[in-house]
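Trainee: Structure incoming, see below.
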Amino acid sequence: MKIKQFLFRNYPEIIVLALGSIFGFFLMFSTFSSMDGNLIISSKAWSDFASHIPLIRSFSLGSNFPVEYPLFSGEPIKYHFIFYYLVGLLEKIGLNIGLALNIPSFIGFMFLLFMIYYFSKEVFKSKAVGILSTIFFLFNSSLSYVYFFKKYPLSKETINQLITNADFLSFAPYGDGIVSAFWNLNIYTNQRHLAISFALSLFIIYQVIKPVLNREQSKTKIYIILGSILGLSFFLHTAVFLMTGITLLALLIYFSKIRKDIFILLATAGLISIPQYLYLSGSPGFSPHLQLGYLISGNLTLQNFSEFWIYNLGLSLILIPLGFIFANRVQKKILLAFFVLFLVGNFIQFSIEIASNHKFFNYFLIIGNMFSAFTLVSLIKQKNYLITFIPILFFFMILGGLIDIFPILNDRKFELTDYTINKDTNWILNNTNPDSIFLNSTYLYNPASLAGRKIFMGWPYFAWSAGYDVDKRGKFIEQVFSLSDKKTACKHLSSQNIDYIRITNPPDPSFPKINQSLIEKFERIYNDTNTQTTIYDVRDNCRDI
């Protein structure tokens, strides 16, 4: 009887969370899977997974401790890796890589949906706000529909054009338009560790402000535990760790009642995170600096800045401030604390690529959505003519996100042969040491990477965006492959601890030209005429030199 009563009282949010979870399941499993010896990857995830899979495989099939970046051998890793370590561990104990990646990704997405609902419900003491906040998260408020209707004017074919659309018609900064590429759910299918990181941060912040929301007595012990959890999350997602710390500092200023407890939390998190910070910054990298305007920093004017955020926020640009007006003092302070993230994202560049700041805006908008939802609920409670605008406001709040769903659902798939059926990868897996380093002549999805081995340099963008000196390494590769003297080549190869050379015919078009007269002086240990792949053992070839 009690179960029936619970279901009856809570069926709206149960339905929304259930549908959201089903949708999350489909998102994760439809964009990446492993079947019959093939990795099946959506085209929009193709480039990101070319970085993630080698990292996973370095843990499941290779030997990667102390942790290095497997696409830039010999250098300490600068990327938060613990999520992909967990995935690698799951594959190592027997799950295929599809399940090993998708299960924690799905759990993380469900966790985030629940925290968005629960956080907003508790802050505003309204289930309706919780439900709307969850919906607004799934369907972003951007004006991407402007680009859709510009390409497909309204007609009797509109519905069919909508549900068959396979392209993001605005994909800044990588494509046309000014609506950000990071505004749709594609970021959660590509960056699988992001959802669980946001969810954990929301959980910590909710526990911090809970005594204020419920007028309870805070307990110092809880804040020490929360600080420990936050500190340990540094390896999960460095940027989200930073954003959580920034938000907590703002809350420390706004809420004197829990000021001492937040200080204890931050001190605990700081002590635990310092060794992790030192580990990830083991080699010189990029230093944060002032950079105004985010994606339009190169062409920043007041008009461009205003246009960018009008298109990206859509109705949220109006509903969030209205929610702030309707909110009580505690709710106002919570929004102001998170608004700091919006300011920081527009003023400071934390990595070599300014686009990486998108996480600050994604996180802020999760909270902003709650205030947009609160605005609609507040207008409904007015019980006057304003209520007639609610369906219109709701429709245009989700229209851009609805349009952005179909390019993900309709995305084409690529099949990549995995080590069970790929001869090159299988040979590397069974005939080389797990910690071997390969000098490669191809970049993306190199068979050595799929076998968990490190390669000297993968696609330069990946290492460049992480702060590695790709120019220096690129010149080294060019120098080695241009040599004709085997003895000199051996000295260069040995200086970088390279164990094997893998050559394909033809190599990547963007790869340095290979001097065939040098390669012919090396005795090969593997050759497959079908894949045009040849492997040379550096130690055997250079032993007597």
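The values are calculated or read from the model by the stated rules, or taken from the named source; none is laboratory data. Being a predicted model, the structure only gives us computed values, none of them experimental. Neighbour counts run over all protein chains shown; Cβ positions are idealised from the backbone, glycine included. Protein only, heavy atoms only, side chains kept; ligands, DNA and RNA dropped before computing areas. Shrake-Rupley method; radii C 1.70, N 1.55, O 1.52, S 1.80 Å.
Trainee: Residue by residue through the stretch 362-375, which ³J(HN,Hα) values in whole Hz follow from phi under the Karplus form 6.51 cos²θ - 1.76 cosθ + 1.60 (θ = phi - 60°), with glycine and proline marked x?
Mentor: Going residue by residue, I get 4, 5, 4, 5, 4, 6, x, 4, 5, 6, 5, 4, 5, 4 Hz, with x marking Gly and Pro.
Trainee: If you take every residue apart from THR534 with its C-beta less than 12 Å away from the C-beta of THR534, what net charge results, scoring Lys and Arg +1 and Asp and Glu -1?
Mentor: Working: positive: ARG502, ARG524; negative: ASP424, GLU520, GLU523, ASP528, ASP537.
Here the count lands on -3.
Trainee: For the chain, how big is Rg over Rh, using alpha carbon atoms and the Kirkwood form of Rh? Please list the in-between numbers first.
Mentor: Working: Rg = 25.7 Å, Rh = 25.4 Å.
Using only Cα positions, Rg/Rh for the chain is 1.01.
Trainee: State the volume of the convex hull built on the alpha-carbon positions of the stretch 371-432, expressed per residue in Å³ and rounded to an integer. Mind showing how you got there, number by number?
Mentor: Numbers: hull volume 8.5 nm³, N = 62.
Expressed per residue, the convex hull around the Cα atoms of the stretch 371-432 is 137 Å³.
Trainee: I would also like to ask the following. Please enumerate, by chain and number, the lysines with C-alpha under 25 Å from the C-alpha of LYS475, excluding those fewer than 8 residues away in the same chain.
Mentor: LYS78, LYS454, LYS486, LYS487, LYS491, LYS513, LYS521
Trainee: Also: How large is the translational diffusion coefficient of the stretch 277-375 in µm² per second when you combine the Kirkwood radius over alpha carbon pairs with Stokes-Einstein at 37 °C and 0.692 mPa s?
Mentor: Values: Rh = 14.9 Å.
Rounded to a whole number, D works out at 221 µm²/s.
Trainee: What is the packing order of peptides 369-375, 514-520, 177-183, taking the mean over residues of other C-beta atoms within 10 Å and listing the highest first?
Mentor: On the way: 369-375: 28.3, 514-520: 14.6, 177-183: 23.0.
Ranking, from highest mean packing down: 369-375, 177-183, 514-520.
Trainee: What per residue convex hull volume, in Å³, do the alpha-carbon atoms of the stretch 35-147 yield? Could the numbers behind the result be given before it?
Mentor: Details: hull volume 19.9 nm³, N = 113.
Once divided by residue count, the hull of the stretch 35-147 is 176 Å³.
Trainee: Right, next: Taking the inverse of the average 1/r across all pairs of different Cα atoms in the stretch 429-484, what Kirkwood radius in Å do you get?
Mentor: 12.2
Trainee: Residue by residue through the stretch 442-448, which ³J(HN,Hα) values in whole Hz follow from phi under the Karplus form 6.51 cos²θ - 1.76 cosθ + 1.60 (θ = phi - 60°), with glycine and proline marked x?
Mentor: Going residue by residue, I get 9, 9, 6, 6, 4, x, 5 Hz, with x marking Gly and Pro.
Trainee: I would also like to ask the following. In square angstrom, what is the accessible area per residue of the chain with a 1.4 angstrom probe? Show your work: numbers first, answer last.
Mentor: On the way: 24230 Å² over 545 residues.
On a per-residue basis, 44 Å².
Trainee: Over the alpha carbons of the stretch 113-171, what is the largest minus smallest coordinate on each principal axis, giving the biggest first in Å?
Mentor: Principal extents (Cα only, largest first): 42, 25, 16 Å.
Trainee: How long are the semi-axes of the equivalent ellipsoid of the stretch 192-252, defined as square roots of 5 times the Cα gyration tensor eigenvalues? Whole Å, largest first. Walk me through the intermediate numbers first.
Mentor: Working: eigenvalues 89, 26, 21 Å².
In descending order the semi-axes read 21, 11, 10 Å.
Trainee: Calculate, axis by axis, the spread of Cα positions in the stretch 220-295 along the three principal axes, and write the results as whole Å, longest axis first.
Mentor: On the principal axes, the stretch 220-295 reaches 38, 30, 15 Å in Cα extent.
Trainee: Still on this structure: ILE348's amide H: which non-local residues (gap 5+, or another chain) put their own amide H closer than 5 Å, with H modeled 1.01 Å from N in plane and none for Pro or chain starts?
Mentor: Here the answer is GLN291, since their amide H atoms fall under 5 Å of that of ILE348.
Trainee: Can you tell me the Rg and the Dmax, both Å, for the Cα atoms in the stretch 300-441?
Mentor: Calculated on Cα positions, Rg and Dmax stand at 23.6, 76 Å.
Trainee: How large is the convex hull of the C-alpha atoms of the stretch 393-545 per residue, in Å³?
Mentor: On the way: hull volume 24.2 nm³, N = 153.
Hull volume normalised by residue count: 158 Å³.
Trainee: A further question on this structure: What angle, in degrees between 0 and 90 and rounded to the nearest 10, separates the Cα long axis of helix 46-60 from the longest principal axis of the Cα atoms of the chain?
Mentor: Helix 46-60 sits at roughly 70 degrees to that axis.
Trainee: Just in the stretch 96-179: which trypsin sites (Lys or Arg not before Pro) are loop by DSSP and have at most 15 other Cβ atoms within 10 Å? Show your work: numbers first, answer last.
Mentor: Numbers: sites: LYS121, LYS125, LYS127, LYS150, LYS151, LYS156; in loops: LYS125, LYS156.
In loop regions of the stretch 96-179 (DSSP not H, G, I, E or B), the sparsely surrounded trypsin sites (Lys or Arg not before Pro) are LYS125, LYS156.
Trainee: Can you pull a Stokes-Einstein diffusion coefficient for the stretch 502-545 at 4 °C (1.567 mPa s), Rh from Kirkwood over Cα pairs, as a whole number of µm²/s?
Mentor: Details: Rh = 11.4 Å.
Translational diffusion coefficient: 113 µm²/s.
Trainee: Moving on to the next point. Round to a whole number: what % of the accessible area of the chain belongs to carbon and sulfur, probe 1.4 Å? Let's see the in-between values first.
Mentor: Working: 15270 of 24230 Å².
Here it works out to 63 percent.
Trainee: Would you mind telling me the antiparallel percentage of the DSSP bridges in the chain, rounded to 5? Each step should come with its number before you reach the end.
Mentor: Values: 21 of 26 bridges.
Once the DSSP bridges in the chain are tallied, antiparallel ones form about 80 percent.
Trainee: Also: Let me spell out the model: positive unit charges on the Cβ of Lys and Arg, negative unit charges on the Cβ of Asp and Glu, origin at the Cα centre of the stretch 16-122. What dipole size does that give, in debye rounded to 20?
Mentor: Values: 5 positive and 6 negative charges, 22 e Å.
Once rounded to the nearest 20, the dipole reads 100 debye.
Trainee: Hey, another quick one. Could you list, in their original order, any pairs among LYS210/LYS359; LYS92/LYS423; LYS44/LYS125; LYS121/LYS221 whose Cα atoms are separated by more than 27 Å? If you can, show how the numbers build up before the last one.
Mentor: Details: LYS210/LYS359 25 Å; LYS92/LYS423 21 Å; LYS44/LYS125 39 Å; LYS121/LYS221 25 Å.
From the list (LYS210/LYS359; LYS92/LYS423; LYS44/LYS125; LYS121/LYS221), the Cα-Cα distance tops 27 Å for LYS44/LYS125.
Trainee: Restricting to Cα atoms and excluding each atom paired with itself, what does the Kirkwood estimate give for the stretch 298-356 in Å? Mind dumping the intermediate values first?
Mentor: On the way: mean 1/r = 0.0750 Å⁻¹.
One over the average 1/r among Cα pairs gives 13.3 Å for the stretch 298-356.
Trainee: Let me have the 222 nm mean residue ellipticity of the chain computed from DSSP H runs of 4+ only, each contributing -39500 (n - 2.57), with the sum over all residues rounded to the nearest 500. Before the final figure, lay out the partial values.
Mentor: Numbers: 24 runs with 327 residues, N = 545.
Calculated from helices alone, the mean residue ellipticity at 222 nm is -19000 deg cm²/dmol.
Trainee: Follow-up question, since we're still on this one. Need one number for the stretch 152-243: average projected area of the convex hull over its C-alpha atoms, nm². Intermediate values should be presented prior to the final figure.
Mentor: Details: hull surface 38.3 nm².
Projected over every direction and averaged, the Cα hull of the stretch 152-243 covers 9.6 nm².
Trainee: Based on the alpha-carbon gyration tensor of the stretch 100-225, what equivalent-ellipsoid semi-axes (square roots of 5 times the eigenvalues) come out, in whole Å, largest first? Before the final figure, lay out each step's value.
Mentor: Numbers: eigenvalues 265, 62, 32 Å².
Gyration-tensor ellipsoid for the stretch 100-225: 36, 18, 13 Å.
Trainee: Can you compute the equivalent ellipsoid semi-axes for the stretch 331-371, i.e. the square root of 5 times each eigenvalue of the Cα gyration tensor, sorted largest first and rounded to whole Å? Before the final figure, lay out each step's value.
Mentor: Details: eigenvalues 90, 21, 5 Å².
Over the Cα atoms of the stretch 331-371, the ellipsoid semi-axes are 21, 10, 5 Å.
Trainee: If you average the C-alpha positions of the stretch 121-183 and of the stretch 194-265 separately, how far apart do those two centres end up, in angstrom?
Mentor: Comparing the Cα centres of the stretch 121-183 and the stretch 194-265, I get a distance of 31 Å.
Trainee: Could the peptides 139-148, 390-399, 418-427, 301-310 be put in order, highest first, of the mean number of other beta-carbon atoms found within 10 Å of their residues?
Mentor: On the way: 139-148: 23.2, 390-399: 16.0, 418-427: 19.2, 301-310: 13.2.
Ranking, from highest mean packing down: 139-148, 418-427, 390-399, 301-310.
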